[in-house]
1. Just checking, does the range A:141-157 include any residue being touching a Cys at 6+ places or on another chain (Cβ under 6 Å), more than 9 Å from chain B (Cβ to nearest Cβ) and under 24 Å from B:P55 (Cβ atoms)?
2. Looking at this structure, is A:L4 at the interface with chain B (Cβ under 9 Å from one of its Cβ atoms) and more than 27 Å from B:D71 (Cα to Cα)?
3. For the range A:78-160, which helices (runs of 4 or more DSSP H) that fit wholly inside it have 1 or more residues that are among the hydrophobic types (A, V, I, L, M, F, W, C) and at pLDDT below 95?
4. I'm told B:I79 meets every condition in (1) at pLDDT 95 or above; (2) buried (at least 19 other Cβ atoms within 10 Å of the Cβ) except one. Can you identify the failing condition by its number?
5. For A:A41, state whether it is touching a residue at least 40 places away in the same chain (Cβ under 8 Å) and more than 10 Å from chain B (Cβ to nearest Cβ).
6. Could you tell me whether the range A:15-28 includes any residue that is closer than 24 Å to B:V21 by Cα and either more than 9 Å from chain B (Cβ to nearest Cβ) or in contact with a strand residue (DSSP E or B) (Cβ under 6 Å, 6 or more places away or on another chain) (or both)?
7. Are any residues in the range A:1-54 in a helix (DSSP H, G or I), modelled with pLDDT of 95 or more and under 21 Å from the mean Cα position of the chain (by Cα), and if so, which ones?
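The values are calculated or read from the model by the stated rules, or taken from the named source; none is laboratory data. Since the model is a prediction, treat every value here as computed from it, not as a measurement. Here Cβ is always computed from backbone atoms with ideal geometry, including for glycine, and neighbour counts include all displayed protein chains.
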Amino acid sequence: MGELSEFPLRYKLFLKGYPWRRIEPVPWAPLKKPIKDCRLAVVSSAGLVQPGQAPFDDSIRGGDYSFREIPADADVVTLMDTHRSELYDHSGLRQDPNLVFPLDRLREMEKRGRIGSLNRRHLSLMGSITAPNRLVKKTAPAAAGKLVDDDVDIALLVPV
Amino acid sequence: MCNQAVGLVAAELERRGISTVAIQLLRKVAEKVRPPRALAVPFRHGFPLDKPDNPGRQHAVIEAALNVLEDRRLQPPAIVDYEPEKKKGSGDAI
């Protein structure tokens, strides 16, 4: 388990008093068909971008709440880490971006029939968002709209 | 914060009919934010799928996440702990 003890004292104190956003009520979309027939999308908050895409902007107060679309045929090793947080070790994901954006692993699972298909696009966020109102009111609905348009059945969400 | 961010997006996806499973690195945060389905993993921040360049370990975590989606006994909000024993078993099967 990740532990708060991993973080510096200043951040631990911030987290201790942080008003986490409680999801209420908790929505629930039951699985409608076997996963071998489902279309899957990845949503990762590791702040990865493709070459040519704008990096996430750490000057935005409360956190950059934008997102990037990562096409299904993206070469995972070319995805770039633009998450500026110094609170965690970036070495693993820079060595192998599948650690936070596992397109290669999911392609392998698609090939052996564990999942039906990978969606044509996946979503990349930068998760250090301390003021989540804009994430809730703008980003999440926009992201969901894209995946609904694509007839996505299931989503795997990966924090960092 | 990352745990909260993906949880909040997962909630919106579920409202729109997409079934989700969110990996969570801090169980205590998952308990407070309450994403619909969470797989709580025992890894440090920066390593949500266990180890870099280790497809077997990464597959095992994803497989456990898919199992959460398939478990019809679960009720919202559901938090399932990733079990190292299962990880080994799933890893061997791949």
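1. no
2. yes
3. Correct list: empty, since no element meets the threshold.
4. Exception for B:I79: condition (2).
5. no
6. Yes, because at least one residue in the range A:15-28 is closer than 24 Å to B:V21 by Cα and either more than 9 Å from chain B (Cβ to nearest Cβ) or in contact with a strand residue (DSSP E or B) (Cβ under 6 Å, 6 or more places away or on another chain) (or both).
7. Answer for the range A:1-54, where residues must be in a helix (DSSP H, G or I), modelled with pLDDT of 95 or more and under 21 Å from the mean Cα position of the chain (by Cα): just A:I35.
Here's the yes/no breakdown for (1) touching a residue at least 24 places away in the same chain (Cβ under 8 Å); (2) more than 7 Å from chain A (Cβ to nearest Cβ):
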position: B:G46; (1), (2): no, no
position: B:R57; (1), (2): yes, yes
position: B:V61; (1), (2): yes, yes
position: B:Q75; (1), (2): no, yes
